[in-house]
Structure formats: C-alpha cells, structure tokens
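The structure under discussion appears below in the form of structure tokens.
The values are calculated or read from the model by the stated rules, or taken from the named source; none is laboratory data. None of these values were measured; they are calculated from a predicted model. Ideal geometry is used to build each Cβ from the backbone, glycine not excepted, and the neighbour counts take in all protein chains shown. These accessible areas exclude ligands, DNA and RNA; they are computed on the full protein's heavy atoms, side chains included. Shrake-Rupley method; radii C 1.70, N 1.55, O 1.52, S 1.80 Å.
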Amino acid sequence: MSRRMYRSALVIGGIVAATALVGSTAASAAPGRPGEPRYGAGAEGAGDPYFPASGNGGIDVLHYDLDLDYTPPAAAPAPLEGQLSGVATIELTATQDLDQFNLDLRGLTATSVVVGKKSMSFTQSDGELVITPRPKLKAGESTTVTIAYGGTTTRPTDIEGALYGWVTTRDGAMVVSEPDGASTWYPVNDHPTDKATYSFEITVPEGKTAVANGLLVGSETADGKTTWTWDAPDPMASYLATATVGNFRLEQYTSASGVPIIDAIDITRSAGQVASLALTSDMISFFEERYGDYPFVSYGAIVDNDSVGYALETQTRSFFSSTAGESTVAHELAHQWMGDHVSPARWADIWLNEGWATYSSWIWLEERGSSTAQARFQTVMNRAPGHATWNTVVADPGPLGIFGTPVYDRGAATLHALRVKIGDDAFFDLAKEWVARFGGGTATTADFIALAEEISGQDLADFFDVWVYQPPKPTVW
Ligand code: TRP
Ligand code: ZN
C-alpha cells in the first residue's frame, strides 16, 4: 500500500481512527489528529553510525549561499590563524514538523539567526547550532535560514589526526572537508545524503585568489579587498565544497569534449609539479567513454603550495597538496563520477568511492602504456594473507578505516575481479548505469551488488561475500 493510500484510509476512518491513535500513542509526546502537525526536534545527527553527530534530522537543504570574508594569517612569526566571518543563507525544507532543528557548526560562533524574516533564538554547543523556529515549521514547508557567524580559523584535524576542513595556511587556507569537516567553515547539514547547490562570494585581501566549486562568475576589487563570486549549480555533498584561498594564478580552457576547465595553480609551483594536469582533457574523454558524460558544469585543479598530505576530489575542482602527479590526477578526476556524482549513502560505503577511483587510475595508466590493470591486481593479490589488505570488511571498514589500504587497493581489486567475472561489456555497462541511475544522489553497497546482478544476470552473492563482507584474502570467487 502506498503511503498516500494509507493516509487517506486514516482520514476515511475519521474520529474512530484518531481515537485509536491517541490511545495507542499515549506514552509519546504531542498526540494529535492524523494530518495535524506533531512538532518535535529534528535529530542532532543524520544517523550515520561512523559519524553520529554529523548531519541533522528533519531538514533537507536545497541551497547554500555562502558570503565569506577571510583574512589570512599575518606575516610570520604570527601563528597560523585566520579570521573568518560569514553570512550563510540556507534554503531548506522541513521533512518533519519542527519546533527545533540543528545545523553543524564547529569552532565558529553564530551571532544571529534569522528564519524567514524573523530573528530567532539559538544555542551552540559541541559542534551543533540549535535553532528554534517560530512560527514552527510544518513538514514540507520551505524557508530561508540566514546565519551570521565567524571566528578564528586554525588547523582542524579529523578522527585520524589528518588535517582537514578549513585549514589555515601561511598564504590563505586550503579547504578539504572529507568526511565531516565542512562544519569548520559554514553551518551545514553535514552528510552526503543531503546534497545541495551552492553559491559563493568570498572576500579576501587584494592580491589573494579565492577558489570555489563550479564556475567563476567574476571578481571585484574595492578598498583593498577582492570579492570572488563562484556558482556551483550541481547538487553537491558538503564534504566536497571548497573555498581555498591563496596566491593562485587561474588558467582557463575548454576540454576536447567541451568541459570548461579552471585550474588554480599556486604561484610557487614549478612546471614539473603541475605537468600532469595537461592530461586532464584526454582523461575526461577516456572516463566519459567508460562512465558517461562528465556530470558537472566545469572541472579543474587546485594545486596549493601547502599540504594536508593528501588530495581530495572537491567537486568540479580537485585539490592537490603541493604536486599533482599523474595517477592522482586520474584518481581525483574519476571521483567526479564515482564519489561526487554518485556519493556514499553512509561512510561505510566509501570503498565505492575509493575502489572506483583507484581502479580508474589503473585503467588510465594501462591506456598510457604503464602496467596493466591485471598486473596491478596481481600485485595486490601477491600480498601475504597476513597483510593489512586482508584484515578488513571492505564494505564496513570502521570510522578509522575509511582511508585505509583495504578500502583503496582491495576496493580496486574487487572491481577488477568483478570485471573478469562478468566480462568487459557487462562491467562497463554497470559503470555507466551506476552513474546514470544514482548520479546526483547517493547509493549503498547493496545497491551496487543489486545492479551488478541485474546487469550481468549472475548471482553475485558469494563473490561480494568474499570480496567485501569477509575480511580474509579471497581464494575462490
Ligand atoms: N578521499 C581522498 C582521496 O582518496 C583521500 C582522503 C581524504 C584522505 N581525507 C584523508 C587520505 C585523510 C588520508 C587521510 O582522494
Ligand atoms: Zn580517492
């Protein structure tokens, strides 16, 4: 029975049904007649077991407009601290009747919250900004929440101790927020299941460049400050948003297949450090043949002089620490389809990001005449049974394992083994259909297995059991 039919049955039931409902829910708060609002608080997390406080319940964000003003650290020997002040204008829809809801905001202080046109009371603690809208919001109701906020930026670290989020640098900031660091720079429903569109106006001292996602609308300088305006109209998971600030030169061109490219290269980078970016256009064509048309309005790289020690597939504008090497350039580009357009529904599903991105660089490097994907698969399979590759459930690596070797290498090996098992035609049909069907949203490991079975016509339960659900090294599949 559809939800709609169920609801009309209750209405037809009228008073009798209502009485029965009140009786049966006597212990719970806010009884009411069917169809009438039952206001409550949205959950303080999105329900992801790995990062329970990340994201929020009861809201669906449609758009973030981020108006930021950033002052990088003063010249050495001052500490690496910047000053950020922002106004976030957030369009959202209530997904339940709300008398309270949360956004994630860490290390920064909100100074005012307006819902609709009215100032609202709010509180802040433990990374949660708690807002009590009045009038209350009914399920399905859309509104605009405007939050003024700011504070001192530092160098936040993730659960493993890696730098992430808004990382203050000597010349600006590098902004890479996977998995739950977006709240270090804007108030956010910080979970991939709530994608939204973005627009940015980032004001920085004249001479600095602010680089965000999507297309550059323009820049304007007045009174020693430059405001950079970017527009990112493709739905985006919050961890993929960026607003990196530094001493960049922008290089703009169009790829062979027509994708506008905007690279931001730190002025200290040598030609050698960014040489592989010249392969971007060919790589886009290569992945388009296999995964379908490039999914977003633009692409490009940010190559910073400072390093978080890793690269990130920031949507439409991949981030590289210090150097953009060829396999990493291929990896982050492939993520635009695999991870950014189709995103993990829960962080436990991250092997679908990293396995695909790693495998994508294997097949690109094979195309270039380097080792074959089969040889790289064999290298992984040559690891002894006691190696870390074989101690993890790939489809549930734990919050400390999301960037571990098994997720990357065994994830890629899983895809190669699948390709050999179902054949090239089915495998690349699967890749294309995966992107076509789940692009713009999120998907789970179960979704992937179901689609692989649908497209190959094979029962793949045992295959995926040994490859992604059991830790030991697969021997038969
Ligand atoms: N997702 C990034 C990539 O594979 C990697 C990444 C994000 C990472 N955060 C990290 C790696 C922290 C190590 C530590 O492109
Ligand atoms: Zn990756």
Could you check what % of the DSSP bridge pairs in the chain are antiparallel, to the nearest 5? 80 percent
Sort 456-466, 50-60 by the packing proxy (mean of other Cβ within 10 Å over each peptide's residues), most packed first. 50-60, 456-466
Hey, can you grab everything whose amide H is under 5 Å from the amide H of A41? Only 5+ residues off in sequence or another chain; H modelled, so Pro and N-termini drop out. D99
Putting +1 on Lys and Arg Cβ atoms and -1 on Asp and Glu Cβ atoms, find which of I159, T93, V114 reaches farthest to the positive end of the dipole of segment 39-246. V114
Sorting Y469, F403, G246 by the position of each Cα along the dipole of the chain (Lys, Arg +1; Asp, Glu -1; all at Cβ), the one nearest the positive end of that ordering is Y469
Below 8 Å, C-alpha to C-alpha, sequence gap of six or more: please give me the relative contact order for the chain in percent. 10 percent
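Just to make sure I understand: if all protein chains stay in place, what is the order of E288, E178, E454 by accessible area at 1.4 Å, largest first?
The ordering from most to least exposed comes out as E454, E288, E178.
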Solvent-accessible area per residue for segment 39-246 at a 1.4 Å probe radius, Å²? 36 Å²
Please list 3J(HN,Hα) in residue order for segment 255-264, calculated via the Karplus relation 6.51 cos²θ - 1.76 cosθ + 1.60 where θ = phi - 60°; whole Hz, with x for glycine and proline. 5, 3, 8, x, 8, x, 10, 10, 9, 10
State, to one decimal in nm, how far the label point of Q252 lies from the label point of E36, with both points 7 Å from Cα in the Cβ direction. 5.8 nm
Given 110-117, 445-452, the highest-first ranking by average Cβ count within 10 Å works out to 445-452, 110-117
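Given +1 on the Cβ of Lys and Arg, -1 on the Cβ of Asp and Glu, and no further charges, what dipole in debye does the chain carry about its Cα centre, rounded to the nearest 20?
The calculated dipole for the chain is roughly 920 debye.
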